[in-house]
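None of the figures in this text is laboratory data; all of them are computed from the coordinates on show. Given the structure is predicted, the values throughout are model-derived calculations rather than measurements. Cβ atoms come from the backbone with ideal geometry, glycine included; neighbour counts cover every protein chain shown.
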Amino acid sequence: MTDKPEGYIPPHQVPILYSVEEIGRTIHRLAIEIKEKLGEDFMIVALLKGSFVFSADLVRALHAVGCAPQIDFMTLASYGKNKTGADNITIQRDLSEEVSGKQVLIVDDILESGRTLQYARNLLLERGATETQICVLMEKPGKRVAEGVDADYVGFVIPDRFVVGYGLDYANYYRELPFIGALD
């Protein structure tokens, strides 16, 4: 068995911030909003790893409301001098499809500093996307550093808490939780 990170608590003891039902209702609302603005045909670029659960559920909800999006994945990593800073962003896994001439919906788990989403949006526009919009499951407005980065679609606006579950992790633990919990 591996050593657990400092502050680890058993998954069944993680306090629930947003339940499975709340998340489901929110994703359905987002799907309707996205269809109203983007129509039925667009491309989703999901930023991995944290958004993988949210992206899958959002794609199914979009199908249920009549959308037929293409989907591709990108993994970006920010490396800084500490856990909160991001001096530069690198592409760990790039897209396999072209975005040129397409409306692109960038999907991510959480908007905090905005640096990663700003990088992704600028990169996709440089590659010829006709438009980029951003959809996030959660947003922490008080953490924004990058100017001009706003999500077009937001599931939950949350306070500055350390959240896990529903794809979000702490030291690669808790991603499997079907709800969003807080560790602080």
Of the conditions (1) under 13 Å from the mean Cα position of the chain (by Cα); (2) surrounded by fewer than 17 Cβ atoms within 10 Å (Cβ to Cβ); (3) basic (Lys, Arg), LYS140 satisfies every one except a single condition; which number is it?
(2)
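This table checks each residue for (1) in contact (Cβ under 8 Å) with a residue 24 or more places away in the chain; (2) within 13 Å of LYS49 (Cα to Cα); (3) in contact with an Asp or Glu (Cβ under 8 Å, 6 or more places away or on another chain).
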{"residue": "LYS140", "(1), (2), (3)": "yes, no, yes"}
{"residue": "ASP152", "(1), (2), (3)": "yes, no, no"}
{"residue": "VAL157", "(1), (2), (3)": "no, no, yes"}
{"residue": "ILE180", "(1), (2), (3)": "yes, no, no"}
Is it the case that VAL145 is in contact with a helix residue (DSSP H, G or I) (Cβ under 9 Å, 6 or more places away or on another chain), within 30 Å of VAL14 (Cα to Cα) and assigned to a strand (DSSP E or B)?
no
Filter result for the condition that a residue is among the hydroxyl-bearing types (Ser, Thr, Tyr), exposed (fewer than 12 other Cβ atoms within 10 Å of the Cβ) and touching a Lys or Arg at 6+ places or on another chain (Cβ under 9 Å), over SER96, SER100:
SER100
Taking the range 89-120 and keeping only residues that are farther than 17 Å from ASP72 by Cβ and either in a helix (DSSP H, G or I) or among the hydroxyl-bearing types (Ser, Thr, Tyr) (or both), one is left with THR90, SER113, ARG115, GLN118
Examine the range 26-42 for a residue that is farther than 14 Å from CYS135 by Cβ and assigned to a helix (DSSP H, G or I), and state whether such a residue exists.
no
Of the numbered conditions (1) hydrophobic (A, V, I, L, M, F, W, C); (2) under 13 Å from LYS49 (Cα atoms); (3) out of contact with any Ser or Thr (no Cβ under 7 Å at 6 or more places or on another chain); (4) crowded, with 19+ Cβ neighbours inside 10 Å, LEU105 fails exactly one; give the number of that condition.
(2)
